[in-house]
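Heads up: the structure comes next, in structure tokens.
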Amino acid sequence: MKETMSLAGLPEVRPVIYIISDSIGETAELVARAAASQFNHGNVDIRRVPYVTHPEEIPEIIEEARGFSSIIVFTLVLPELRETLLREA
């Protein structure tokens, strides 16, 4: 986890945005960066997880995301993948 310093001089953990996609995930990353720039000077970590093609991959990604102050942004075309993500998250 990356830390920055708050105005009070205390360590501040940077939020993490997970991009989950069944393709490259580039569009979702651009949208996430644009949204993040509106808050906290865009000071976030972005972790792109491309080419997710099996529902079995999703719980592992979600478990990793739970270890951080994070949100998940996704572009999943296959209904089975979307449903798994929404159910597991």
Local electrostatic count, Val73, Cβ distance below 14 Å [Lys/Arg +1, Asp/Glu -1]: 0
Unit charges at the beta carbon, dipole of the chain: most positive-side option, Ala34, Ser69, Ala89: Ala34
Loop-located chymotrypsin sites (Phe, Trp or Tyr not before Pro) in the range 15-89 whose Cβ has at most 14 other Cβ within 10 Å (DSSP): Phe39, Tyr51
Amide H partners (placed H, <5 Å) of Ser70, local residues excluded: Val16
Mean projection area, nm², convex hull over Cα of the chain: 5.8 nm²
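Out of the GluC sites (Glu not before Pro) in the range 11-89, which ones are loop residues according to DSSP with at most 16 other C-beta atoms within 10 Å?
Listed in order of number, the matching sites amount to none.
All of the numbers you see were taken from the coordinates with simple rules; none came from a lab. Please read all numbers here as calculations on a predicted model, not as lab measurements. As a convention, Cβ positions derive from the backbone with ideal geometry for all residues, glycine included, and neighbour counts pool all protein chains shown.
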